[in-house]
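Data first, discussion second: the structure below is written as structure tokens.
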Amino acid sequence: MSKPALLRRAKEARHWLMDACFPLWAERGVGPGGLFRETLNLDHTPADTDTTRVRVQARQTYVFTEALRLGWRPDMARDRIELGLGVLTGLARRPDGLVGRTLRADGTGWADDTADLYDIAFTLLALAEAGAALGGTGAVRASANALLDSVDRQMRDRTNGGYAETLPPPPMRLQNPHMHLLEACLALHRADPDTPYLARAGEIISLFETRFTAGPGGLLGERFTTGWQEPTGRDAEIVEPGHQFEWVWLLHTYAAAAGLPVPDAATRLYTFGISSLDQDGRACQEVTRGATAEDGSRRTWPQTEALKAHLAMFESTRDDRFADAACQSFDVLMDEFLTPDGGWIDHYSAKGEVLVRDMPASTGYHVVLAFSELMRIMRA
């Protein structure tokens with residue numbers, strides 16, 4: 001396979017995004033309340049819900065920034081970006097400057113205004129990418145900075161490091177929201193390098209090195225005590241291959257932004273991640289630290305994160321082995337998870353049975369980012 005095969009797949013990815021994915025979600029993905037829909041049925045009919053998550057508003061805003069960058073129907077892409085920005089800078093903002101979890105789908109206000117770092121991270125990512133795609137608008141940058149200021153005032157954990165995952169702070173600490181805050185900081189840095197976003201990203205990298213990977217094998221844990229100590233029981237033993245892969249890509253991205261060598265942890269997590277794949281290159285949901293499947297079901301997003309990790313390793317080494325692995329992950333996505341009409345089958349059982357009958361809009365962020373990375377690296 002190697003490089004020519006990977007280039008062919010990059011062109012196939014572009015075709016799927018431009019001709020299927022973007023048109024589907026631009027046309028069917030907006031509800032009557034003027035918010036992005038939470039989900040569609042597999043036949044593309046609305047699966048309208050009473051509420052929609054703020055992270056969906058942010059992720060779909062990001063999706064259309066990529067559409068605009070790729071030249072897909074600029075007027076439509078801009079319209080969808082502006083729709084998302086209107087929500088993220090208006091309806092989704094609490095009086096204290098933070099954003100919460102869920103909105104009423106009819107656009108009339110909050111369903112759950114609990115401040116949530118995960119949703120905040122995706123709001124920041126969307127603001128960074130939208131500002132850059134629209135030409136670096138000062139208003140969007142100011143909105144991102146105001147949100148970060150609110151996070152610092154109310155959610156920064158000055159004793160243990162990192163940030164409260166919710167307000168009030170939860171009894172357990174989570175790496176996942178911090179991972180996405182790192183991703184957002186890197187996007188903000190790309191959009192505006194003359195700012196301290198990279199230093200904030202470095203703080204999260206330090207947490208990764210000293211806390212998130214302090215357990216057996218140096219693998220990425222998911223849950224920790226309030227002081228970032230190792231948990232007990234199941235939380236100590238179970239890890240997620242998709243997040244191991246996601247951090248591989250983030251570590252490469254941070255190293256490139258900071259002008260530093262890629263940390264050794266990237267290879268460690270990658271090696272473990274591929275050891276947990278099945279013979280066809282599929283990633284499952286949860287494994288033990290010995291790489292034995294605990295939850296052998298398969299969702300779309302870990303397959304996209306495996307693809308991103310293979311691509312990061314290929315970009316840094318130009319080793320054909322990683323190109324071959326990326327081709328295999330891409331084929332798994334196209335053959336089993338993505339549909340020709342721009343949607344996806346989001347969840348299979350360990351036996352390959354379809355577990356869902358709708359298409360969560362939130363999955364699109366994972367697919368679009370992975371395919372955008374494939375196209376960027378292969379210059380497609």
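The values are calculated or read from the model by the stated rules, or taken from the named source; none is laboratory data. The structure presented is a predicted model; accordingly, all values stated were derived computationally and were not measured. Note that each Cβ is placed from the backbone with ideal geometry, even for glycine, and that neighbours are counted across all protein chains shown. The area values use the complete protein model at the heavy-atom level, side chains included, leaving out ligands, DNA and RNA. Shrake-Rupley method; radii C 1.70, N 1.55, O 1.52, S 1.80 Å.
Looking at the range 92-104, is at least one residue farther than 15 Å from Thr166 by Cβ, out of contact with any Ser or Thr (no Cβ under 9 Å at 6 or more places or on another chain) and open to solvent by less than 50 Å² (accessible area, probe 1.4 Å)? Checked the range 92-104: no residue is farther than 15 Å from Thr166 by Cβ, out of contact with any Ser or Thr (no Cβ under 9 Å at 6 or more places or on another chain) and open to solvent by less than 50 Å² (accessible area, probe 1.4 Å).
Restricting the first member to the range 69-84 and to residues that are within 13 Å of Gly135 (Cβ to Cβ), and the second to residues that are small (Gly, Ala, Ser), the beta-carbon pairs closer than 7 Å and six or more apart or on different chains are Arg69/Ala133; Ile81/Ala130; Ile81/Ala133. Selection over the range 96-113 of residues that are more than 13 Å from Arg55 (Cα to Cα) and among the polar types (S, T, N, Q) gives a count of 1.
Considering (1) in a helix (DSSP H, G or I); (2) open to solvent by 30 Å² or more (accessible area, probe 1.4 Å); (3) closer than 26 Å to Phe330 by Cβ, the lone condition that Leu68 does not fulfil carries the number (2). Taking the criterion of being outside any loop (DSSP other than H, G, I, E, B) and among the charged types (D, E, K, R), the only residue of the range 340-367 that qualifies is Asp358. The single condition from (1) out of contact with any strand residue (DSSP E or B) (no Cβ under 6 Å at 6 or more places or on another chain); (2) under 16 Å from Pro263 (Cα atoms) that Leu219 fails is (1). Remark: pairs (first residue in the range 41-53, farther than 15 Å from Cys21 by Cα and at pLDDT below 95; second residue among the aliphatic types (A, V, I, L, M) and assigned to a strand (DSSP E or B); Cβ separation under 6 Å; 6+ apart in sequence or on different chains) = Ala47/Leu40. Scanning for something β-branched (Val, Ile, Thr) and farther than 29 Å from Ala146 by Cβ, does the range 76-93 turn up at least one residue? No, every residue in the range 76-93 fails to be β-branched (Val, Ile, Thr) and farther than 29 Å from Ala146 by Cβ. Of all the criteria given as (1) without any contact (Cβ under 8 Å) to a residue 24 or more places away in the chain; (2) farther than 23 Å from Gly161 by Cα, the one not satisfied by Gln229 is (2).
Inclusion of Ala309 among residues that are of a type in the set (A, V, I, L, M, F, W, C), open to solvent by less than 30 Å² (accessible area, probe 1.4 Å) and closer than 28 Å to Leu24 by Cβ is warranted.
Take the conditions in contact (Cβ under 8 Å) with a residue 40 or more places away in the chain, open to solvent by 60 Å² or more (accessible area, probe 1.4 Å), within 27 Å of Phe314 (Cβ to Cβ) and part of a helix (DSSP H, G or I) and apply them to Glu12. Does it pass? Answer is yes for this residue.
Would you confirm, using the coordinates I've provided, whether Gln328 is part of a helix (DSSP H, G or I), out of contact with any helix residue (DSSP H, G or I) (no Cβ under 6 Å at 6 or more places or on another chain) and in contact (Cβ under 8 Å) with a residue 24 or more places away in the chain? Answer is yes for this residue.
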